[in-house]
1. Within segment 39-63, can you find the residues that are assigned to a helix (DSSP H, G or I) and surrounded by fewer than 11 Cβ atoms within 10 Å (Cβ to Cβ)?
2. Mind checking which pairs have a first residue in segment 64-89 that is surrounded by 10 or more Cβ atoms within 10 Å (Cβ to Cβ) and a second that is at pLDDT below 80 and not in a helix (DSSP H, G or I), Cβ under 7 Å, 6 or more apart or different chains?
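The values are calculated or read from the model by the stated rules, or taken from the named source; none is laboratory data. Given the structure is predicted, the values throughout are model-derived calculations rather than measurements. We place every Cβ from the backbone using ideal geometry, glycine too, and count neighbours over all the protein chains shown.
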């Protein structure tokens with residue numbers, strides 16, 4: 001091992017690995033304001049209005065959202081299981 005057996009490296013290294021960035025050193029966008037406020041009453045109405053611009057009482061729309069969400073989950077699971085099975089050499093799933 002290099003560094004006298006210390007695999008984590010020296011704490012004063014100049015390559016920047018293992019050093020936590022400061023909050024003001026972030027290059028990402030600032031967090032958006034939380035308009036839904038899950039911890040307050042009425043969050044469900046605010047969620048549907050903010051995210052979808054519909055009322056929370058629109059059951060047909062909510063069913064479409066649920067169906068689309070489940071279809072997406074199924075697609076992702078099927079995709080990753082197929083990739084994993086191919087990597088393991090499994091040809092057909094019975």
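1. We begin by selecting, within segment 39-63, every residue assigned to a helix (DSSP H, G or I); these are 43-52, 59-63.
59, 60, 63 - these are the residues of segment 39-63 that are assigned to a helix (DSSP H, G or I) and surrounded by fewer than 11 Cβ atoms within 10 Å (Cβ to Cβ).
2. 85/93
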